[in-house]
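Just so it is clear, none of the values below were taken in a lab; they were calculated from the coordinates. What you see is a predicted model; the values in this text were computed from it and never measured. All Cβ positions, even for glycine, are placed from backbone atoms using ideal geometry, and neighbour counts span all protein chains on display.
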Amino acid sequence: MIKFKPFHVVVMGVSGSGKSTVGELLAEHLGAQFTDGDALHPQANVDKMAAGTPLNDDDRKPWLEEIGAAFARSPGPLVIACSALRRSYRDLIRATDPTVVFIHLDGGKDLLSNRLSARNGHFMPAALLESQLDTLEPLDATESGVVLDIAASPPELAQSAKLWLEKTS
């Protein structure tokens, strides 16, 4: 296990960017617990997305607060996969734990669309990708985080994230 702070990491990006896969690999590298933020959504949010309806800020607020609370409850290192599309959403998470850092998995629309069309059994339909891309506010220079290109493989992305965390801690 790496002994550095921050122990609390959000792997963020739009649907299909590889948040869960990279988040699990990163957690293994860090000796951290992994939680898929999708599992923390209220059922009403899951139902809404499954019906093809984008979430609004009122829908997202309790979910983002729960993610922040998960960090606050965590007795050790924790990686959570969460879209965290807007700066205000990331601020809600940081309100509970200001040490949280963000690994933003970013990629082109065509690659994301291809990934989503190949994915089975997920409640988030590919039709909502456009709404997520419209909502996305990339990390800015004042936020603690790094942007990684999803053209790299998940193991490469997890390794890059780990190296970035080692450099910044």
Mind checking Rg over Rh on the stretch 29-154, alpha carbons, Kirkwood formula for Rh?
-> 0.94
Just rank 21, 142, fewest to most, by other beta-carbon atoms within 10 angstrom.
-> 142, 21
Set of aspartates and glutamates near residue 61 by C-alpha distance (under 12 Å), chain-local residues within fewer than 8 positions excluded = 91
Relative to the present Cα-Cα distance, how much length would full extension add between residue 137 and residue 113 at 0.36 nm per residue of separation?
-> 6.8 nm
Percent RCO, i.e. relative contact order, over the chain, from Cα pairs under 8 Å lying at least 6 residues apart | 36
Charge-dipole axis of the chain as Lys and Arg at +1 and Asp and Glu at -1 on Cβ define it, positive-most pick from 132, 146, 113 = 146
Per-residue HN-Hα couplings for the stretch 63-80, Karplus 6.51 cos²θ - 1.76 cosθ + 1.60 at θ = phi - 60°, whole Hz, x for Gly and Pro?
-> 5, 5, 5, 5, 5, x, 5, 4, 5, 5, 7, 6, x, x, x, 9, 10, 10
Amide H neighbours of residue 148 at under 5 Å, excluding residues fewer than 5 places away on the same chain, with H built from the backbone geometry, are 104, 105, 106
Separation in nanometres of the label points that stand 7 Å from Cα toward Cβ, at residue 95 and residue 166 | 3.6
